[in-house]
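The values are calculated or read from the model by the stated rules, or taken from the named source; none is laboratory data. Predicted model only: the values in this text are computed from it and were never measured. Here the Cβ positions follow ideal geometry from the backbone for every residue, glycine too, while neighbour counts run over all protein chains shown. Heads up: the accessible areas ignore ligands, DNA and RNA and are worked out on the full protein's heavy atoms, side chains in. Shrake-Rupley method; radii C 1.70, N 1.55, O 1.52, S 1.80 Å.
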Amino acid sequence: MKYKIVNINDLGDQSVLIIYTGGTFGMIQDASGALAPFNFGKVVDRVPELKQLGIKLTVISFPKPIDSSNVGIQDWKDMAYIIEENYSQYDAFVILHGTDTMAYSASMLSYMLDGLNKPVIFTGAQMPIGSIRSDARENLIAALEIASAHVEGIPIVSEVCVYFNYRLLRGCRSQKLRSSTFAAFESENYPVLAEAGIEIEFNYPALRPHNTESRLKVNNKIDADVTILKIFPGITEHIVKSVLGDDKMKGIVLETYGSGNTMKSDWFISCLQRAINDGKIILNVSQCIGGEVEQGRYETSKKLNDIGVLSGGDITTEAAVTKLMFLLGSEANYSKIKDKLTRSLVGEMDIE
Ligand code: ASP
């Protein structure tokens, strides 16, 4: 793929690479009035402050910026590849990305970038940079300030994060919960990593500790033969059977009620049992935004334990489905995959 590279500023002791993938941030209205991404060159003109930040800034742009609803596995590989290729030359990375799938991409990149010890901050905007009330400028500038924040040459942040609306969240804990306010993202089960007020206040105990010794190793093997099955009252046997019975499908994120509860009907439990006997992995996550799956707490989840459904604890659906894709792609041994699904790999769940 041919990337477009733009140098914005050569001065400063920290260097940040901005990876522009698209999203509302840089969109303009097309002839039909619909929002579509445009090139980053025009974005720079709209944020003259970028030249005054005292940070060495370079932008690599996807050749065809995308609406993040179109993001796919190759895009994740491209983002990871750009970071790997440029890792030694930059102190930090800011990924401009659409908000719709930002939590999925931030989760997947958290898994792919093994040994990461530099900041990778995803940000975007709810309104295009060209709109007068846009949140794009603030989000980008604060994300750059956070990315370049360091103490005695050590970055304060050494993980994949989402910065949005004055708050820095752990990427694999974030979720887009609102589509029409600037406060689009939350991280209900993990504390906010930093708040941008007059000063940027970092929540040091919540940040992943920096490891000077670690070396980046990109793992880009992903297996997309997974699905999400959200249960609801009245869901029918033939629908469940057809989803779980797909021959190619290897892993299912089962979105259940509350603390991991499902209906206990015999047909439903047998469908799950059959899928597990066929070698499929079922990971139980809650439909609730906060809290966690506790299989066995209620009679309605005890059977799931008995048949070998795995508990996803307090993981988000976004982090769960990307974790399944990542582990199915990178790990050949099924019992190791199952073991890793119930443990935290990069801080995506509380269970260690
Ligand atoms: N559809 C847009 C995208 O995800 C929405 C946004 O960026 O806010 O690319």
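Taken over the stretch 181-210, the criterion of being away from the ligand (no atom under 15 Å from the Cβ) and either assigned to a strand (DSSP E or B) or hydroxyl-bearing (Ser, Thr, Tyr) (or both) is satisfied by GLU186, SER187, TYR190, ALA194, GLU195, ALA196, ILE200, GLU201, PHE202, TYR204. Taking the residues in the stretch 60-69 that are of a type outside the set (Val, Ile, Thr) and within 8 Å of the ligand (Cβ to nearest atom) as candidates, determine which candidate is least open to solvent (accessible area, probe 1.4 Å). So the residue we want is SER68. Please verify whether GLN89 is surrounded by fewer than 18 Cβ atoms within 10 Å (Cβ to Cβ) and modelled with pLDDT of 95 or more, treating the condition exactly as stated. Spelling it out, GLN89 is indeed surrounded by fewer than 18 Cβ atoms within 10 Å (Cβ to Cβ) and modelled with pLDDT of 95 or more. Does LEU57 count as more than 13 Å from the ligand (Cβ to nearest atom), of a type in the set (A, V, I, L, M) and either more than 20 Å from the chain's Cα centre (by Cα) or not in a helix (DSSP H, G or I) (or both)? Yes: the conditions hold for LEU57.
Table: residues versus (1) closer than 15 Å to ILE55 by Cβ; (2) free of Cβ contacts under 8 Å to residues at least 40 places away in the same chain.
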site: ASP75; (1), (2): no, no
site: GLU85; (1), (2): no, yes
site: LEU116; (1), (2): no, no
site: ARG133; (1), (2): no, yes
site: ALA143; (1), (2): yes, no
site: SER148; (1), (2): yes, no
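Looking only at the stretch 106-165, filter to residues that are open to solvent by 30 Å² or more (accessible area, probe 1.4 Å) and closer than 19 Å to LYS176 by Cβ; which one of those is nearest to the ligand (Cβ to nearest atom)? Applying the filter and picking the extreme gives GLN126. Restricting the stretch 31-45 to residues that are away from the ligand (no atom under 13 Å from the Cβ) and modelled with pLDDT of 80 or more leaves a set whose member that is least open to solvent (accessible area, probe 1.4 Å) is GLY33.
The set of residues in the stretch 229-256 being open to solvent by 70 Å² or more (accessible area, probe 1.4 Å) and either touching a residue at least 40 places away in the same chain (Cβ under 8 Å) or part of a helix (DSSP H, G or I) (or both) consists of LYS230, GLU237, HIS238, ILE239, LYS241, SER242. Look at the stretch 334-351: where a residue is over 18 Å from MET112 (Cβ atoms) and a partner is of a type in the set (A, V, I, L, M, F, W, C), sitting 6+ places away or on another chain with Cβ atoms under 7 Å, you get LYS338/ILE281; LYS338/LEU310; THR342/LEU310; THR342/ILE351.
Only residues that are among the charged types (D, E, K, R) and either at pLDDT 95 or above or over 16 Å from LEU310 (Cβ atoms) (or both): list them for the stretch 262-292, please. Those that are among the charged types (D, E, K, R) and either at pLDDT 95 or above or over 16 Å from LEU310 (Cβ atoms) (or both): LYS264, ASP266, ARG274, ASP278, LYS280.
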